[in-house]
Each structure stands twice: as structure tokens, then as C-alpha cells.
Amino acid sequence: MAKIQLKNLKKVFKGNVVAVNNVNIIIEEGIVTSILGPSGCGKTTTMRLIAGFENPTEGEIFFDGQKVNNLGPFERKVGMVFQLPILYDDLSIQENISMPLILLKKTQHEINKKVGEMCDFFDIPENLLKRKARGLDVAERQKVSLAHTFISDKNVYLLDEPLSNLDPRNRIEIRSKIKRYQNEARKTIVYVTHDQTEAMSLAQKIAVMQLGVILHYDKTEIVYDYPQNRFVGWFLGNPGMNFIEKVIWEKEKTSLQVGNLQMEFQSIDDERKGHQEVVLGIRPENILISTQPKEGYFEAQSDFIEPIGNRIVVHLVARDIKVKAKIEKIKDIKKDSKIWVKFPADRILLFDPKSGEKIYPMN
Ligand code: ATP
């Protein structure tokens, strides 16, 4: 296992396409770090730079403090799993899984033990082992590919959208197998995905990327609760964060003018003075709802109800404000119901309207 540092990393492709732009992160040992972002933001290129399949235009890559820019993928000891699993179709599943250990000239006893462990973790039935890989369905192929990659010790395992081609049921099942394996084996994994649910359920740390730049890199819960800018708040969550424009932050009065509403807002340990136009951000699940008038709540109307599993998303309209609240199913809430709403002061974030950067809370 290795700690990986990416320092001022930049990759420019022909035609002046800047795929990765001045990335600076340290990938910690023994955890899952997810690189999350929309299509074309530079996730795969970052991963290929770590692996040694691409050379950076600028910047350095260190594994445990050793510069590896001049080393190829084999010397960097990286394991990789791709969206489309690569298997030797004419070899048996047993041979596919054990191949890295055969190449390392491990004993048959050791190989059998390790293959057994991998089959347990990734739920590959023993009666499949003698079969050829050709003809396996895509989920089975991906399980074999994961077993093949994790069977040998590497500095880092790079997983590039490994679940994107699977149906939703297999995606959830294999995701939990990767999670369980990680909990026990404590491997250093970099997990590339555009799926925020996948990133949040697997990764201890997330790097959110847009247009080649890492916008926010921190522990998963911090990236979710305190996104560094609007894009990160919007990209994570189902639905993403609500934003209300043209809010006036009256700092000394510790209040917010939200449309026609005056809202109490206790800024904690914040010495800033004056007033400022800001964008208010609040997560749908942090909005409080009452079906009766209540102290500190403002009146709104439900405009639309969307069921999401055992919860509902209520689209609320209060004068000129529109937000979505994610709440438990309440019988009394229907379309066009009167509803009373509160944004808890400690769940409010404020963003700069021009840059989109978070300005409150400061850290
Ligand atoms: P996706 O999720 O769609 O794979 P991504 O976030 O992984 O996207 P990259 O594949 O890293 O993004 O691509 C980042 C940018 O670099 C894109 O604009 C892409 O078109 C460009 N790009 C990637 N590889 C090359 C290449 N070999 N030559 C030229 N441009 C490239």
C-alpha cells in the first residue's frame, strides 16, 4: 500500500484540451478515495496519470514520497479494474483469477487459498471455477475481474467506473461486496465514478472534479454537509442542494432577507460586518416541515410531490421562493396543501453569487 501525492498535475492533450488542470491532492493509504464528476471532467485521465498510462504535461506524482513520473504501470505496482472487464476468454475462471499469482510464481497451496478467499468475497461459486470465462454475463465477468485484481498485493487499486455497465440490482450487490472487502482488507483504492450515490456509499474521501479542476477534496461527510462551492452542493445529493438567489445577509442583525421573508440566522463565531448579497444553500433533507402553523416557521404551499423510496420530495413555493424538502411520508401533505417551513440556522450555507464559493460557514 502507498500514500500517493499528486503535485501541480496537469495534462494537456493535442488541440490544447486541458483534461487535468493543476491537481494537488494526497491520496491516503488504506481507504477508498473517490474521484467524482460529470462526463469529460478529467477523472479517467487523472487515474491514467496515477497508473502511468499517461505522462503529465506538468507536475509530479509520488508514491510514498518517491517520484514515479518515469516509472511505468508495472513498476508502480497498480491494479486496475475497468468499466468493461478484461478477461482471458479461453482460460478458466480459476486461471483468470489466479493469473497474477502464477506470474509471481506462488505455490499452488498459496494460490488455492487466495482464490478461495477471493471467491468468498466476490461471491463466485466454486462450480464456476473450471468454466471458461467466455459466456459469463457482465456482472459475473466484473466479479472475476475484481477477484483477479485484488488477489495480488499492489500499491494502489484503481477502479474506473467498474459498475456503470451493470443493471441496478447487480450494481448495488457488487458495490456492497467491494465495501465489505475494503472494510476487511484495508486496501488503498481510487474509485472513479460519475455516480454520487456510489461515491458516497464507498468512499471515505471524495474529490469532486469539474473541467479538469478539483473543486473540493475532503472527507465524504464534509464534502456533503459543507460543499466548498455551489457545483459540489448541487452535484451531491438526491435531489441536490437548494439554492435561493438574491438573499441579503445582514451580518450584525444576524438575519437574512430571503425574498419577502425575514429569517433569523445566528452566525456562529462570525465577526464579519455589514450586509451583502448572497446565495443561500440548504439540503432538502435539512428543511423542517409542519402541517400546522409553528413559531419560527414560514407559510408555504406544496406544488408537487415526488415519492423517493420511503420518503417524499415536496416541491414548496413560498411567495417568490421555490425549494424542495425531502421528508418522511406524511399523509396530510398533498399537492396544494398549506405547509409551514423552517430552515434551521445551523443548516444554512451561504455562497458568493459571483464565484459560487462558500462564504459561510468559513470552514
Ligand atoms: P468520462 O466519465 O466520460 O469518461 P472523464 O471525466 O473520465 O469522462 P476524461 O476521459 O479524463 O474525462 O477526459 C477529459 C477531457 O480530455 C475530455 O474533454 C476528453 O475528451 C479529453 N481527452 C481524454 N483523453 C484524450 C485523448 N487521448 N486525446 C485527446 N483528448 C482526450
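Structure data summary
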item	result
Residue list for region 18-37, filter: part of a strand (DSSP E or B), farther than 19 Å from PHE53 by Cα and near the ligand (Cβ under 10 Å from one of its atoms)	LEU36
Set LEU36, LEU49, LEU71: member being of a type outside the set (S, T, N, Q), more than 18 Å from the chain's Cα centre (by Cα) and open to solvent by less than 60 Å² (accessible area, probe 1.4 Å)	LEU49
Matching residues in region 100-126 - criterion: being under 27 Å from MET47 (Cβ atoms), open to solvent by 40 Å² or more (accessible area, probe 1.4 Å) and not in a loop (DSSP other than H, G, I, E, B)	ILE102, LEU103, LYS114, GLU117
Options GLY59, GLY15, GLY40; residue that is within 16 Å of the ligand (Cβ to nearest atom), at positive phi, of a type outside the set (A, V, I, L, M, F, W, C) and assigned to a strand (DSSP E or B)	GLY59
Exclusive hit being open to solvent by less than 30 Å² (accessible area, probe 1.4 Å), in contact (Cβ under 8 Å) with a residue 40 or more places away in the chain and within 12 Å of ILE214 (Cα to Cα), set LYS43, LYS11	LYS43
Residues of region 324-363 satisfying the condition of being among the hydroxyl-bearing types (Ser, Thr, Tyr) and out of contact with any Phe, Trp or Tyr (no Cβ under 8 Å at 6 or more places or on another chain)	SER337, SER355
Options ILE312, ILE321, ILE333, ILE348: the member that is more than 13 Å from ILE282 (Cβ to Cβ) and within 30 Å of the chain's Cα centre (by Cα)	ILE312
Flag for LEU84 being outside any helix (DSSP H, G or I), in contact (Cβ under 8 Å) with a residue 24 or more places away in the chain, open to solvent by less than 20 Å² (accessible area, probe 1.4 Å) and more than 20 Å from SER152 (Cα to Cα)	no
Verdict on GLU54 being in contact (Cβ under 8 Å) with a residue 12 or more places away in the chain, acidic (Asp, Glu) and open to solvent by less than 50 Å² (accessible area, probe 1.4 Å)	yes
Any hit, region 51-61, residues being of a type in the set (Val, Ile, Thr), in the same structural domain as VAL223 (by TED's automatic domain parsing) and over 30 Å from GLY240 (Cβ atoms)	yes
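The values are calculated or read from the model by the stated rules, or taken from the named source; none is laboratory data. All values derive from a computational prediction rather than experimental measurement. Cβ coordinates were reconstructed from backbone atoms using ideal geometry, including for glycine residues, and neighbour counts include every protein chain displayed. Calculation scope for accessible area: heavy atoms of the full protein, side chains included, ligands and nucleic acids excluded. Shrake-Rupley method; radii C 1.70, N 1.55, O 1.52, S 1.80 Å.
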